[in-house]
1. Hey, what do the phi angles of the range 41-55 turn into as Karplus ³J(HN,Hα) couplings, whole Hz, using 6.51/-1.76/1.60 and θ = phi - 60°, x for Gly and Pro?
2. Lysines within cross-link reach of Lys277: Cα-Cα under 20 Å, excluding same-chain residues under 8 positions apart?
3. About the Cα centre, and with charges only on the beta carbon of Lys, Arg (+1) and Asp, Glu (-1), how big is the dipole of the range 345-420? Nearest 20 debye, please.
4. Taking the square root of 5 times each eigenvalue of the Cα gyration tensor, what semi-axes in Å does the equivalent ellipsoid of the range 6-251 have, largest first?
5. Counting other C-beta atoms within 10 Å, which of Trp416, Trp117 has the fewest, and how do the rest follow?
6. So what is the relative contact order of the range 6-251, in percent, for Cα pairs below 8 Å that sit 6 or more residues apart?
7. Fewest first, what order do Asp60, Asp434 take by the number of other Cβ atoms within 10 Å?
8. Working from Cα positions, state the angle (0 to 90°, nearest 10) between the long axis of helix 375-388 and the longest principal axis of the chain.
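No lab work stands behind these numbers, since they all come straight from the coordinates. Everything numeric here is computed off the predicted structure, so don't read it as measured data. All Cβ positions, even for glycine, are placed from backbone atoms using ideal geometry, and neighbour counts span all protein chains on display.
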Amino acid sequence: MADATALLQLRGISKGFPGVKALSDVQLTIRRGEIHSLMGENGAGKSTLIKVLTGVYRRDGGEILLNGTSIDARSPEEAQRLGISTVYQEVNLIPHLSVAENICLGRQTTTLGFLKWKEIRQRAEKALARLGIEIDVTETVSNYSIAIQQLVAIARALDIDAKVLILDEPTSSLDEKEVEALFTVLRKLKAEGLGIVFVTHFLDQVYAVSDRITVLRNGTYVGEYEAALLPRLQLISKMMGKELSELEMKAADRVATKAGVTPFLKLKQVGRKGSLKPLDLEIAAGEIVGLSGLLGSGRTETARIVFGLDRADCGELQLDGKAISITSPRQASGLKFGFCPEDRKVQAIIPNLSVRENIVLALQANRGWMGYVSRPTQIQLADKFIKALNIKTPNPEQPIRLLSGGNQQKVILARWLASNPRLLILDEPTRGIDVGAKLEIEKLMAQLTGEGMAILFISSDLEETVRNSHRVVVLRDRQKVCELRGEEISEKNIMHAIAASDSDQ
Ligand SMILES: Nc1ncnc2c1ncn2[C@@H]1O[C@H](COP(=O)(O)OP(=O)(O)OP(=O)(O)O)[C@@H](O)[C@H]1O
Ligand SMILES: [Mg+2]
């Protein structure tokens, strides 16, 4: 039945890929003036549903109604003309063009074939002002942070008269303030009568803005709920298709590790002009050291120095009691250091290689070409990690680009875990990864540190940092502000350290 109050209605949608039934008989109803979260585990079919709606993929079956009229967009451009605007999981901007060009691309006003630059600039500025951002729109887009780039992508989607705005994990690179700014905009658009579809793995954000929630599991429709009437734990259990008691058992399963006592790596007043003030940091075998702080507080900068991506210009690094200088990632790899970077899409994925090849990559590079990892070992490793991290793929030979966003991230994480480093730096390893898989990753981290691996764990998720770290180093404004151990490790203490102004200390 057509729902008279619905702005947008998807009914009985199905979509298959070779070897994968991505969607079967899925429904989604968006009302005017609501924010509707689409939830589900990695690979549940969220992005596919959105791509079917916006004409990126042809659907195998089902019906889409906009204001009660059946529509069938054959391309994102056509969907946009119908009033359906999308910001995809991957930022889709053209890096070498200016912000203004990116916002107005394909919609420029011309006079006799000449671009009206002034008009384009003003239009871009207006679109950004709607998001509360003031930046130089003539600047090349790649010169801005990923966060700003994401907001530019949103501004671009908002440029036309959208009726429906779809945001597929728009906030994964944004800090708290930027997320709040975005939410303010979303609430305003909602009041203007837009229907907003929101996809994220951050549960706090879901509950902060959603009116209703639709849950998918394994390509099927689970249900539609009022956000206010669906407790968080119930949402998780609907996403995972498991009873709550099973989930609790999983968490308890995690092995409690005991940290080593003698640090093998020591940073003594190591710093770098302009990016990190001199700090001390130590890590022992079997230890997970959490690096906490806001985006831009110096967490990634610390990791980059340890991995030889940036050079320290003061202080001393000691490995096994001897002073060393780490001047390149290659050298760091030689020391059996691994680094799983935050910006995995850009830095890490080799799209056309298979899941198996992507997993063994770091191990192979470490061994050099003389130490070729045999095919049976490769297959064994791939199988092990596909299972351990619950990577959703029809088989290990699937090209990684065909996996869902979160599952691609799991593969990259598996790559570093498989290379069996002595020290592993994980920069936001669980971002974009669903709740169930987060627990799997934590379990694996505990197991590997139990076997002697040391992990430098960078995360914006305080709860996760507290749960996993033996020690927590807190950074603020590119400076270490404190170190917490044992009982001192709590969300409250970390938050306090992050928020305290210099005058409080
Ligand atoms: N082009 C494609 N070819 C083959 N399989 C695909 C393709 N696109 C998606 N899939 C598969 O369809 C399933 C659903 O993927 P989808 O990207 O919709 O998941 P998702 O819910 O968005 O997950 P995530 O939270 O990880 O982003 C996955 O198993 C994925 O591997
Ligand atoms: Mg997705």
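1. Each residue of the range 41-55 in turn: 5, 4, x, 6, x, 4, 5, 5, 4, 5, 6, 5, 4, 9, x Hz.
2. Partners found: Lys266, Lys268, Lys480.
3. My answer is approximately 120 debye.
4. Ellipsoid semi-axes (Å, largest first): 32, 21, 16.
5. Trp117, Trp416
6. 27
7. Asp60, Asp434
8. Value to nearest ten degrees: 70.
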